[in-house]
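Working notes, structure below.
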Amino acid sequence: MRSQIELKRAKLEQMGTTVFSLPPSEDLAEKTVDAIEEFYQQLAMPIRLSDANITDQNDIDTLMHIIESRDFFKAIGEHGKITPNVIKDIVYSAR
């Protein structure tokens, strides 16, 4: 979510106020992402790859190879902005 925050800012801000009852602020989208992560943690859901015990670089490289080999990953997402390079950035930042 953080990598697409500018594209999703309005929806995240709406979610922050309606779902998490967060007050309006300049960083409401960021606070909403924090609240979502906190909610997932309360459910014992992994947030980072390391939370799911995926820490070996070979495993991460294998994951990236699988993602890059899929034709449907040329550009995904609501705005078609999530390319294999964006996915790679997301995966590596999620370590």
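The values are calculated or read from the model by the stated rules, or taken from the named source; none is laboratory data. Remember, predicted model here, so these are calculated numbers, not experimental data. Note that we place each Cβ from the backbone using ideal geometry, even for glycine, and neighbour counts take in every protein chain shown. Please note that ligands, DNA and RNA were not included when accessible areas were found on the heavy atoms of the full protein model with its side chains. Shrake-Rupley method; radii C 1.70, N 1.55, O 1.52, S 1.80 Å.
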Problem set entry | Of VAL86, ALA52, PRO23, farthest towards positive along the dipole that unit charges on Lys, Arg, Asp, Glu beta carbons give the chain | VAL86
Problem set entry | Per residue accessible area of the chain, 1.4 Å probe, in Å² | 70
Problem set entry | Formal net charge of residues neighbouring GLU37 (Cβ-Cβ distance under 10 Å; K, R +1; D, E -1) | 0
Problem set entry | Test item: Cα-centred dipole of the chain, Lys/Arg +1 and Asp/Glu -1 on Cβ, debye | 260
Seminar exercise, completed: Taking R0 as 30 Å and r as the Cβ-Cβ distance between VAL91 and SER25, the FRET efficiency 1/(1 + (r/R0)^6), rounded to the nearest 0.05, comes to 0.50
For this session: Calculate what fraction, in whole %, of the accessible area of region 1-85 sits on carbon and sulfur atoms when a 1.4 Å probe is rolled over the protein chains.
Result: 54
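Which of the helices in the chain meet the span-like rule: DSSP H, Cα axial reach of 15 Å or more, Kyte-Doolittle mean at least -0.5?
57-69
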For this session: Just subtract the alpha-carbon distance of ALA52 and THR83 from 0.36 nm times their residue separation and send over the number in nm, one decimal.
Result: 8.8 nm
Problem set entry | Option label - semi-axes √(5λ) of the Cα gyration tensor in Å computed here, alternatives (1) 22, 19, 11; (2) 25, 14, 11; (3) 27, 18, 9 | (3)
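Excluding same-chain pairs closer than 8 in sequence, count the lysine pairs in the chain whose Cα atoms lie under 18 Å apart.
Within the chain, the lysine pair count is 5.
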